[in-house]
Amino acid sequence: MFAVLKTGGKQYKVTSGDVLRVEKLVAEAGDTVQFNDILMIGDAIGAPFVEGAGVQAEVIDQIKGDKVINFVRRRRKHSSKRTKGHRQKLTLVRVTELLTEGADKSGVKAATGSAPRDAAAAPAAKAKKAAASGDDLKKLSGVGPALEKKLLGAGITSFAQIAGWSDADIARIDEELGLKGKIEKEGWVAQSKDLQA
C-alpha cells in the first residue's frame, strides 16, 4: 500500500520504510511526527484530503540541501555580475506507518514547518501589528498603503500622535521619512484633530 502526502508545498508518494527529504519541520532527531494532509492512501482518494488518514514518520536528522548558485550577468551598457548561493534547510524522515483511519486520535505531534524569520520580515510584522492596534492612517489625505507602512514603521500609529506634533516634530519626521513637506501641504495635524473628534 502507498500514500500520497503533501508537505512544504510538494507532494510525495510514500510506502512504509521510505526515507524522504522534506522542507524543514519543527522537530528534533528521534521525534515521531505525523503528516495529516493525505491526498490518497490505498484505494481512498481525498477531496482534497482523506479524512482521518495520516502518515507517521521518524525524524532522522536536520540537514541542508545542495548549494544552488544563482548567477546574473547583464551585458552591454550595464556590464554587471551578481552571484548568490543558497542551501535549503531540510528534514530527513523515515516513514514508519500509514494510517487509513484514526490518525486524528493517534496523539502524535503534527508535522509543521518553521516560519522564516529574517531581518526584512521583522519591520513588516511590526507595522502589521501596529496597524491592528492603531488608527487607519489612510484616512489622511495623501497617505496610501506604502506611506502608511512607512509611518507605522516609524512608530506613528494614531491620530492623537499626529495631532500633538509641534513644528520641530513635523520637520524631524519630514526629514526622517523623506516626505518633502507633505505634512504641512496636506494639513495632517488639522485633519488628525478632526478625525479624533
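For region 62-115, which residues satisfy the criterion of being at positive phi and of a type outside the set (S, T, Y)?
R76, G102, G107
With the requirement that a residue be open to solvent by 50 Å² or more (accessible area, probe 1.4 Å) and free of Cβ contacts under 8 Å to residues at least 60 places away in the same chain, what does region 8-21 give you?
Result: G9, K10, Q11, K13.
Between D66, D104, which is of a type in the set (D, E, K, R), outside any loop (DSSP other than H, G, I, E, B) and modelled with pLDDT under 90? Full working, then the answer.
Numbers: D66 fails: modelled with pLDDT under 90.
Testing whether each residue is of a type in the set (D, E, K, R), outside any loop (DSSP other than H, G, I, E, B) and modelled with pLDDT under 90 leaves just D104.
Might you let me know whether region 64-86 holds any residue that is open to solvent by less than 70 Å² (accessible area, probe 1.4 Å), closer than 20 Å to A111 by Cβ and among the aliphatic types (A, V, I, L, M)?
For region 64-86, residues open to solvent by less than 70 Å² (accessible area, probe 1.4 Å), closer than 20 Å to A111 by Cβ and among the aliphatic types (A, V, I, L, M): absent.
How do the pairs read when you match residues in region 22-51 that are outside any loop (DSSP other than H, G, I, E, B) with residues anywhere that are polar (S, T, N, Q) and open to solvent by less than 10 Å² (accessible area, probe 1.4 Å), using Cβ under 9 Å and keeping only pairs 6 or more apart or on different chains?
V22/T91; E23/T91; L25/T91; V33/T91
Looking at this structure, is D61 among the acidic types (D, E), assigned to a strand (DSSP E or B) and open to solvent by less than 100 Å² (accessible area, probe 1.4 Å)?
yes
If only one of Q56, Q34 is open to solvent by less than 70 Å² (accessible area, probe 1.4 Å) and farther than 13 Å from T100 by Cβ, which one is it?
Exactly one of Q56, Q34 is open to solvent by less than 70 Å² (accessible area, probe 1.4 Å) and farther than 13 Å from T100 by Cβ, namely Q34.
Regarding region 158-165, can at least one residue be identified that is under 18 Å from K139 (Cβ atoms), touching a residue at least 12 places away in the same chain (Cβ under 8 Å), small (G, A, S) and open to solvent by 50 Å² or more (accessible area, probe 1.4 Å)?
Yes, region 158-165 contains at least one residue that is under 18 Å from K139 (Cβ atoms), touching a residue at least 12 places away in the same chain (Cβ under 8 Å), small (G, A, S) and open to solvent by 50 Å² or more (accessible area, probe 1.4 Å).
The values are calculated or read from the model by the stated rules, or taken from the named source; none is laboratory data. None of the values given here were measured: they were computed from a predicted structure. Cβ coordinates were reconstructed from backbone atoms using ideal geometry, including for glycine residues, and neighbour counts include every protein chain displayed. All accessible areas refer to the heavy atoms of the entire protein, side chains included, with ligands and DNA or RNA removed. Shrake-Rupley method; radii C 1.70, N 1.55, O 1.52, S 1.80 Å.
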